[in-house]
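First up is the structure itself, then whatever we jot down about it.
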Amino acid sequence: MSHPKITVVGAGNVGATCALWAAARDLGDVVLVDIVDGLAAGKALDLAQAGPIAGFAHKVTGTTDYAATAGSHLAIVTAGLARKPGMSRDDLLAKNAEIVSGIIRHLVAVSPDVILVVVSNPVDAMTALAHRVSKLPARRVVGMAGVLDSARMRTFVAEAAGASAKDVQAYVLGGHGDTMVPLVRHSSVGGVPLAKLLPRDRIEQIVERTRQGGAEIVGLLKTGSAFYAPAAAAVEMAQAILRDERRVLPCAAYCDKEYGVGGYFVGVPARLGAGGVMDVLEFDLTADERAAFDKSVAAVKDLVAQLAQMGY
Ligand code: NAD
């Protein structure tokens, strides 16, 4: 795609940082949208003025009006409440469902062929909601979590192994919550399995720190949640789609027969390219991994059932 149009909804911490990564990678023209008058316009103007210094050429604009987003190829949805200390992602369900469903209606009305990358939490449920409200084919709707969770695990492994994070492979599957499934067996440093490099208790610490990776940052910040790595992860997915890179990235993709999930969006390795999710790749899971994955999927199903009870 020569000149993609990317909308980022929510000009808060994650949204503004998505706009920054997208602009810095010269992915396309960026339209930043927020409900707060002037917030998106102000941040977009500031970011556009970084272009001559940082060397990016695409337009960056900000608005409260969805008319300016018309014809978007891809939209990253980051609007909504973020966690405060003591809150789980699931505590955000009712409020963010209201916000996300409204946004999706506005977006799709003017960009019927858009591809949605959902970030707002609880992300697996918000991705399902975005799919239902948008009526887009499931392959055009995907949630961001696995790239972030895996990046957290890669960072911790790199630190423990004294290696470059670039050489660390790690996969985190399942829902984006306390039940997420870091796949130790498929994690490696330069192709050498983790279990050969680190003692078992060190690996268990890394797995637990990965599961609590978001809460650790919420606890430090006290007034908000992580945003640099979440935004980098969402833009990595956007780039894979817009540039048809066919990257295999862990993300909340629609699974019906895949992994026997039965029609929900959950974290699995998905190939991202032109058109969105090209396919889902299936690992052979051990009995323990399968049990952890099923538990995580059950947590996602429970959230979707709660949404249905609320009338979504
Ligand atoms: P933030 O409070 O900094 O920004 C949220 C923005 O959304 C605000 O600017 C607000 O004005 C805007 N907003 C609210 N309602 C809106 C509406 N109807 N239309 C347009 N804009 C609206 O929060 P943040 O740190 O940027 O986090 C945003 C969301 O992303 C949260 O739900 C957070 O939990 C989630 N998140 C998800 C992941 C993930 O891995 N999936 C990671 C980090 C954050």
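The values are calculated or read from the model by the stated rules, or taken from the named source; none is laboratory data. This structure is a prediction, so every number in the text was calculated from the model and none was measured. Every residue, glycine as well, gets a Cβ built from its backbone with ideal geometry; the counts of neighbours run over all protein chains shown. Please note that ligands, DNA and RNA were not included when accessible areas were found on the heavy atoms of the full protein model with its side chains. Shrake-Rupley method; radii C 1.70, N 1.55, O 1.52, S 1.80 Å.
Tabulated data for the structure shown
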read-out: Selected residue (only one of Ser111, Ser101 is within 13 Å of the ligand (Cβ to nearest atom) and over 22 Å from Ala233 (Cβ atoms)); value: Ser101
read-out: Number of the condition not met by Ile241 [criteria: (1) within 12 Å of the ligand (Cβ to nearest atom); (2) within 21 Å of Ala130 (Cα to Cα); (3) not charged (D, E, K, R)]; value: (1)
read-out: Neighbours by Cβ (under 8 Å, 6+ apart or cross-chain): first from segment 227-253, within 13 Å of Val172 (Cα to Cα) and touching a residue at least 40 places away in the same chain (Cβ under 8 Å); second among the hydroxyl-bearing types (Ser, Thr, Tyr) and within 13 Å of the ligand (Cβ to nearest atom); value: Pro250/Ser150; Ala252/Thr127
read-out: Residues of segment 273-312 satisfying the condition of being touching a residue at least 60 places away in the same chain (Cβ under 8 Å) and polar (S, T, N, Q); value: Thr286, Ser296, Gln306
read-out: From His3, His58, His73, residue being of a type outside the set (A, V, I, L, M) and out of contact with any helix residue (DSSP H, G or I) (no Cβ under 9 Å at 6 or more places or on another chain); value: His3
read-out: Search result, residues across segment 284-297 that are part of a helix (DSSP H, G or I) and surrounded by 12 or more Cβ atoms within 10 Å (Cβ to Cβ); value: Glu289, Arg290, Ala291, Ala292, Phe293, Asp294, Lys295, Ser296, Val297
read-out: Residue match in segment 172-181 (condition: free of Cβ contacts under 8 Å to residues at least 24 places away in the same chain, away from the ligand (no atom under 11 Å from the Cβ) and among the β-branched types (Val, Ile, Thr)); value: no
read-out: Filter result for Ala57 (in contact (Cβ under 8 Å) with a residue 24 or more places away in the chain and in a helix (DSSP H, G or I)); value: no
read-out: Enumeration of residues in segment 92-119 that are open to solvent by 10 Å² or more (accessible area, probe 1.4 Å) and either part of a loop (DSSP other than H, G, I, E, B) or of a type in the set (Asp, Glu) (or both); value: Glu98, Pro112, Asp113, Val119
read-out: Restricting segment 1-44 to residues that are among the charged types (D, E, K, R) and within 15 Å of the ligand (Cβ to nearest atom), the residue that is most open to solvent (accessible area, probe 1.4 Å); value: Asp37
read-out: Any hit, segment 74-91, residues being more than 9 Å from the ligand (Cβ to nearest atom) and part of a helix (DSSP H, G or I); value: yes
read-out: Long-range neighbours under 9 Å by Cβ, at least six apart or interchain, first residue among the basic types (Lys, Arg) within segment 98-119, second open to solvent by 20 Å² or more (accessible area, probe 1.4 Å); value: Arg105/Val133
